């Protein structure tokens, strides 16, 4: 559906839908951690991408007709050849036989295979990065959460820097 929409924003959310389905498939396969991480990462990534597209693109809302595809005939030929090559690879490849049993916790085994003894370090690093992002956002705002009604929340009217905001 990404290539069917006239709007870049709609195409972004269509891509998000497909990536959420991939995260759902990972959860159904029993890889809960990877599925949830995929869903969270893709949701944030696509939201940021949509915001930047709306800010910087000439036609983000799709008000003027546009196409996402150029050289349709060449693209169709390349897609057909790629599909045929992948199908041939699937059918002609010597697939290995399974040895041993499936692991009891595939997520833990995958984490150990990817990070080995550094798994605790990477988990700690992830939390430190998250705390850094949150603290950066908090420090970047000039006003606090309760500045509109004062420190004790007793002001009769909010002190908004721009008139006509919420509460007026």
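Laboratory data are not the source of any read-out in this text; all were calculated from the coordinates shown. Given the structure is predicted, the values throughout are model-derived calculations rather than measurements. With ideal geometry, Cβ positions are generated from the backbone for all residues, glycine too; neighbour counts draw on all protein chains shown.
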Sequence of 14, 135 once ranked by neighbouring C-beta atoms within 10 Å, starting from the fewest: 135, 14
Cα gyration tensor shape of the stretch 1-122, rounded if a/c is under 1.5, else prolate or oblate by comparing a/b with b/c: oblate
Over the stretch 1-135, relative contact order from alpha-carbon pairs under 8 Å, at least 6 apart, %: 24
Ranked 152, 25, criterion: other C-beta atoms within 10 Å, fewest first: 152, 25
